[in-house]
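> The following block contains the structure, expressed as structure tokens.
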Amino acid sequence: MKHCLVTGGAGFIGSHLVEYLLAQGHHVSVVDDESTGTRDNLAAVIRHPNLDYSKGTAADRELIRRKLLRAEEVYHLAAAVGVQLIASSPIHTIEANVYPTEIVLDELGRMHEDGHNVKVFLASTSEVYGKNPKDVYEEDDDLVFGPTTRPRWSYGVSKAIDEFLALAYWSERGLPVVVGRFFNVVGPRQSGAYGMVLPRFVEAALKGVPLTVHDDGLQTRCFAHVSDVVYSMTTLMNTPAAVGRVFNIGSESPISILDLARKVIAAVDPSLDVRFQSYEEAYSANFEDCRSRIPSLARLRSTIDYEPKYALDDIIREVVAWKRQALETGGQK
Ligand SMILES: NC(=O)c1ccc[n+]([C@@H]2O[C@H](COP(=O)([O-])OP(=O)(O)OC[C@H]3O[C@@H](n4cnc5c(N)ncnc54)[C@H](O)[C@@H]3O)[C@@H](O)[C@H]2O)c1
């Protein structure tokens, strides 16, 4: 049994991780400022005797220091997430993604010098590949960003800084870090409010309105179930060979966004339509996207035993069922 600190533990991925860690018998402290997450995501475990929940920011050094006192493992997930949020609030994005990571790593670095060896998982993103035109991304590929006048790239760049910093703490100070680059993660409790595509489509379908597809819809992404992602994170943290390394995490099965919309329509109401919207109308004139984003999972598979358990059709059915219930009971919108 371990004591784990999860920053961003009231978020979509964080809440699933917290439930999993508690089910394994671990003690879990959560620090979440509830900016995009909500305590309701932890409703099933909020009174669990091994859960210590704090509403607060990971940028609060005193709070992090206190929560680290008993920690043996840290999962740092707190971040500004979602294309819509990033496009509209680049200052918040950069600050939320860089400063708290500095605090967490600095505190862990000090503890490490004092002989407390606390391992940390850094949640990074496929966005760090930017608009690299390769078909399949490997972890050592170049990061290719657009100009700084396009705020969209601030998310990937800020996460790349986090990665550089975490890897520097490993190489210079010996702090054990594991970096996971999540590709699109989906499942119950993901909010559509910040531009995430699957919950946005499901919400529209359940309201009986057309599904808004950006651009021509032929851009492709790979969608992994949050449980497969939690399994990957926690297994990597239990694998000594993962330390000091970066891993793509997710699904390697691409689907176009238009086909994703069609699958949601088929699952909810086949009479629904798709509405196309330009990026300019959706975000701004200087928005840029990348056409395809497919991970190589070769490194992940050579390090842990990994086979995704969830097919996309099953994930869509699960998200539809969850969202339907949430709308009926007045839960997360
Ligand atoms: N969902 C995806 O598809 C995806 C893809 C790539 C990377 N990621 C990464 O995974 C992590 C979790 O993302 P998610 O999808 O669960 O998003 P989320 O928005 O549901 O979770 C982020 C959580 O962090 C909290 N938070 C934000 N800033 C904070 C701060 N300063 N201090 C404390 N808490 C703070 C939010 O309230 C929220 O609960 C993030 O680091 C994100 O960059 C997610």
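The values are calculated or read from the model by the stated rules, or taken from the named source; none is laboratory data. Predicted, not measured: the structure shown is a model, and the values here were computed from it. Methodologically, a virtual Cβ is constructed for each residue, glycine included, from the backbone with ideal geometry; neighbour enumeration extends over all protein chains shown.
> Taking the range 1-54 only, how many residues are without any contact (Cβ under 8 Å) to a residue 12 or more places away in the chain and among the charged types (D, E, K, R)?
1
> Out of Leu300, Leu260, Leu236, Leu272, report the one residue that is over 30 Å from Leu175 (Cα atoms) and in contact with a strand residue (DSSP E or B) (Cβ under 7 Å, 6 or more places away or on another chain). Outline the logic, then answer.
Details: Leu300 fails: over 30 Å from Leu175 (Cα atoms); Leu260 fails: in contact with a strand residue (DSSP E or B) (Cβ under 7 Å, 6 or more places away or on another chain); Leu236 fails: over 30 Å from Leu175 (Cα atoms).
Just a single option satisfies the conditions, and that option is Leu272.
> Just checking, which of Ser251, Ser256 is surrounded by 14 or more Cβ atoms within 10 Å (Cβ to Cβ) and within 18 Å of the chain's Cα centre (by Cα)? Spell out how you get there, then give the answer.
Details: Ser256 fails: within 18 Å of the chain's Cα centre (by Cα).
Answer to the selection: Ser251.
> Right, next: Filter the range 23-39 for residues that are in contact with a Ser or Thr (Cβ under 9 Å, 6 or more places away or on another chain) and not in a strand (DSSP E or B); which is nearest to the ligand (Cβ to nearest atom)? If you could, list the steps in order and put the result at the bottom.
In the first step, residues of the range 23-39 are kept if they are in contact with a Ser or Thr (Cβ under 9 Å, 6 or more places away or on another chain); the result is 24, 29-33, 35-38.
Keeping just the survivors that are not in a strand (DSSP E or B) gives 24, 33, 35-38.
Working: Gln24: 19, Asp33: 4, Ser35: 4, Thr36: 3, Gly37: 2, Thr38: 7 Å.
Of everything passing the filter in the range 23-39, Gly37 is nearest to the ligand (Cβ to nearest atom).
> Sort out which residues of the range 1-22 are of a type outside the set (A, V, I, L, M, F, W, C), more than 15 Å from the chain's Cα centre (by Cα) and part of a loop (DSSP other than H, G, I, E, B), and write them in order of number. Please lay out each step first, then the result.
Pass one, the range 1-22, residues of a type outside the set (A, V, I, L, M, F, W, C): 2-3, 7-9, 11, 14-16, 19-20.
Going one step further and asking which of them are more than 15 Å from the chain's Cα centre (by Cα), we end up with 2-3, 19-20.
Within the range 1-22, Lys2 is the sole residue that qualifies.
> Could you please let me know if Leu69 is closer than 26 Å to His116 by Cα and at pLDDT 95 or above? Explain how you work it out, then say what you get.
Details: closer than 26 Å to His116 by Cα: yes; at pLDDT 95 or above: no.
Taking the combined requirement at face value, the residue does not satisfy it.
> Could you pull out the residue among Arg152, Arg181, Arg110 that is at pLDDT below 95 and of a type in the set (D, E, K, R)?
On the way: Arg181 fails: at pLDDT below 95; Arg110 fails: at pLDDT below 95.
Just one listed residue meets the conditions, Arg152.
> Kindly indicate the residue of the range 302-333 that is surrounded by 12 or more Cβ atoms within 10 Å (Cβ to Cβ) and among the charged types (D, E, K, R) and also nearest to Val178 (Cα to Cα) among those meeting that condition. Break it down into steps so the answer makes sense when it comes.
Residues of the range 302-333 surrounded by 12 or more Cβ atoms within 10 Å (Cβ to Cβ): 303-304, 306, 308, 310-312, 315-324, 326-327, 331-332.
Imposing the further condition that a residue be among the charged types (D, E, K, R) reduces the set to 317-318, 323-324.
On the way: Arg317: 32, Glu318: 30, Lys323: 33, Arg324: 36 Å.
Looking at the filtered set, the residue picked out is Glu318.
> Determine whether Ala43 is modelled with pLDDT of 95 or more, crowded, with 23+ Cβ neighbours inside 10 Å, over 30 Å from His214 (Cβ atoms) and of a type in the set (Gly, Ala, Ser).
Working: modelled with pLDDT of 95 or more: yes; crowded, with 23+ Cβ neighbours inside 10 Å: no; over 30 Å from His214 (Cβ atoms): yes; of a type in the set (Gly, Ala, Ser): yes.
Spelling it out, it is not the case that Ala43 is modelled with pLDDT of 95 or more, crowded, with 23+ Cβ neighbours inside 10 Å, over 30 Å from His214 (Cβ atoms) and of a type in the set (Gly, Ala, Ser).
> From the residues in the range 99-132 that are touching a residue at least 60 places away in the same chain (Cβ under 8 Å) and in contact with a Lys or Arg (Cβ under 8 Å, 6 or more places away or on another chain), which one is farthest from Ala59 (Cα to Cα)?
Tyr129
Per-residue answers, yes or no, for (1) modelled with pLDDT of 95 or more; (2) assigned to a loop (DSSP other than H, G, I, E, B); (3) surrounded by fewer than 22 Cβ atoms within 10 Å (Cβ to Cβ); (4) within 11 Å of the ligand (Cβ to nearest atom):
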site	(1), (2), (3), (4)
Arg189	yes, yes, no, yes
Tyr194	no, yes, yes, yes
Leu198	yes, no, no, yes
Val202	yes, no, no, no
Thr212	yes, no, yes, no
Ala224	yes, no, no, yes
Asp228	yes, no, yes, no
Leu236	yes, no, no, no
Phe247	yes, no, no, no
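> Is it the case that Tyr53 is more than 23 Å from Val186 (Cβ to Cβ) and more than 10 Å from the ligand (Cβ to nearest atom)? Please lay out each step first, then the result.
Details: more than 23 Å from Val186 (Cβ to Cβ): yes; more than 10 Å from the ligand (Cβ to nearest atom): yes.
Yes: the conditions hold for Tyr53.
> Further question on the same structure: Can you tell me how many residues in the range 5-17 are more than 7 Å from the ligand (Cβ to nearest atom) and more than 20 Å from Arg65 (Cα to Cα)?
Adding up the residues that qualify gives 3.
> So, in the range 137-177, of the ones that are surrounded by 19 or more Cβ atoms within 10 Å (Cβ to Cβ) and of a type in the set (Val, Ile, Thr), which residue ends up farthest from Tyr75 (Cα to Cα)?
The residue in question is Val157.
> How many residues, within the range 204-246, are closer than 20 Å to Gly192 by Cα, acidic (Asp, Glu) and touching a Pro at 6+ places or on another chain (Cβ under 7 Å)? First the steps, then the outcome.
Just the residues of the range 204-246 that are closer than 20 Å to Gly192 by Cα, to begin with: 204-215, 217, 219-227, 229.
Still in the list and also acidic (Asp, Glu): 215.
Next, from what is left, pick out any that are touching a Pro at 6+ places or on another chain (Cβ under 7 Å): none.
Counting residues in the range 204-246 that are closer than 20 Å to Gly192 by Cα, acidic (Asp, Glu) and touching a Pro at 6+ places or on another chain (Cβ under 7 Å) gives 0.
> Looking at the range 94-103 only, could you name the residues that are buried (at least 17 other Cβ atoms within 10 Å of the Cβ) and more than 10 Å from the ligand (Cβ to nearest atom)? Talk me through it step by step, then tell me what you get.
First pass over the range 94-103, keeping only residues buried (at least 17 other Cβ atoms within 10 Å of the Cβ): 94, 96-98, 100-101, 103.
Selection gives Ile94, Val98.
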